[in-house]
Amino acid sequence: MYTFSNRLKIGSVILMALGLMGMAIGFVSAPSTVEEAKALVAAHDDGHGSGHGEAAAVADHGEAAHGEAAHGEESHGSSHDEHLLHQLQNRPWAALYVAAFFFFMIALGVLAFYAIQRAAQAGWSPLLFRVMEGITAYLVPGGIVVFVILVLSVLHMNHLFTWMDPETVAHDELLQGKAGYLNPTFFLVRAAIFLGGWIAYREISRRLSLAQDKADDHSNFKKNFKWSAAFLVFYLVTESMMSWDWIMSVDPHWFSTLFGWYVFASMFVSGITTIALVTIYLKSRGYLPDVNNSHIHDLAKFMFGISIFWTYLWFGQFMLIWYADIPEEVTYFVTRIEDFKLPFFGMVAMNFVFPLLVLMNSDYKRVNWFVVMTGIVVLMGHYLDVFVMIMPATVGDQWYIGIPEIGGVLFFAGAFIYWVFNTLTKAPLQPTNNPFIEESRQFHY
């Protein structure tokens, strides 16, 4: 039985406390008026020179010129000022949402990997099932937090989803055409169905897994197989819809038919990476004695392979849209390249180039510190991936990695660590009556 060390417990609580302070500072320092927004941008420009706030600085001393170029009306300057205010007010909300979704998607990615192993009746992975079940336990608190953020968005506590503003929809024919799908009530109903289905499968599968340890036959194992196969059908549909609702709809004028797969690849590789990191940590503490370098090697192979798959989807989406050069499509990448150049190309290097170079060699996949180093970089890269998907539509060029962003990551990292490792203490780390447990124990190549 795993024992949650006081050091790890205290560390996770400290992370949550520091993160909570950072997020609180972000919300308290957000401007409440247009004048405060202008002053904040001016102060930032004075301290850092021209940069992210360059476009918004026009609002301080060039509204007339900007309005003349666009519509030649004074009212446009006022609209621009209000847009700037919304961007700056969105920043702590967006930082909170990015971090909350990132750690939730790790648990969801692990759930998909776990269900695949169950449905495929894989022989190599049963020794890792309790690690996966521990990580997926975060679906409950993580899902609740994400759902609360969505509810608060519907209640107009923020401006993350522009299509939720009736006034915006009233002046936008495209959004009016999508109102049958993009409406607050249906949005929350879908979110409840997604979360309810994912959490229900996790709880059912966990219960059957624990029951199998004490059973005299394999009936619970067979039930788990059937539930997992059915869940994967539900997951494939709901994951795509979730990616449209929770991420793509922050840019309601843009869409990509690859987007569901793209988000899936990101959460899948992040989940597998987290399984590897937690497994290596537990082995370093003397647990999971039967897990060997071949298990780590297989996890690293998945990290490598899904990183290539993610890159294929990223490049396919980017290249086709860029080559077609259709204005309503290409603007998505123009915004990210112009205003988010460093994180946009940085996450490609971290999610593709780095794991490609480090994990291509088969021997390196068996070296734990190599896998840990790669895993940390991959997780950071996919956090940036979520950051780049959310921030351009919510905060525009008023972004930078500051206290709210760091606070959000620290808080949810602490909560994730605490919840996962506390769950690992609730049951033996090694299943005892799984029909493939001996094959997993003898797994070598």
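For this structure, a couple of remarks:
- Its Cα gyration tensor gives the range 124-277 an equivalent ellipsoid. The semi-axes, each the square root of 5 times an eigenvalue, are 36, 15, 14 Å from largest down.
- Ratio of the Cα radius of gyration of the range 374-445 to 2.2 N^0.38 Å, where N counts its residues: 1.73
- Across all directions, the average projected area of the convex hull around the alpha carbons of the range 325-374 is 4.6 nm².
- Debye equation applied to the C-alpha atoms of the range 405-445, log10 I(q)/I(0) at 0.14, 0.20, 0.29, 0.31 Å⁻¹: -0.56, -0.71, -0.93, -0.97
- Extent along principal axes [Cα atoms of the range 176-222; Å; largest to smallest]: 59, 13, 7
- According to the Kirkwood relation over distinct C-alpha pairs, the hydrodynamic radius of the range 275-352 is 15.3 Å.
- Kirkwood Rh (inverse of mean 1/r, distinct Cα pairs), the range 220-289, angstrom: 14.7 Å
- Using equal-weight Cα scatterers in the Debye expression, the normalised intensity of the range 204-335 in log10 at q = 0.11 Å⁻¹ is -0.61.
- When the convex hull of its Cα atoms is viewed from all sides, the range 88-197 shows a mean projected area of 8.6 nm².
- Semi-axis lengths (Å, descending) of the ellipsoid that matches the C-alpha gyration tensor of the range 124-174: 39, 13, 5
- Taking 31 Å as the limit for the C-alpha separation, the pairs K223/K301; K226/K426; K226/K301; K38/K178; K9/K38; K222/K426 exceed it in the case of K38/K178; K9/K38.
- Unit Cα scatterers, Debye sum, the chain: log10 I(q)/I(0) for q = 0.10, 0.13 Å⁻¹: -0.75, -1.20
- Cα gyration tensor, the range 303-402 - rounded (a/c under 1.5), prolate or oblate: oblate
- Order of W246, W163 under a 10 Å beta carbon neighbour criterion, fewest first: W163, W246
- Between I204 and I10, the distance separating the two model label sites (each 7 Å from Cα on the Cα→Cβ line) works out to 4.3 nm.
The numbers here are math on the coordinates, done by the rules we state, and not lab data. Worth saying up front: this structure is predicted, and the values here are computed from it rather than measured. Don't worry about glycine lacking a Cβ; one is built from the backbone with ideal geometry, like all the others, and counts go over all protein chains shown.
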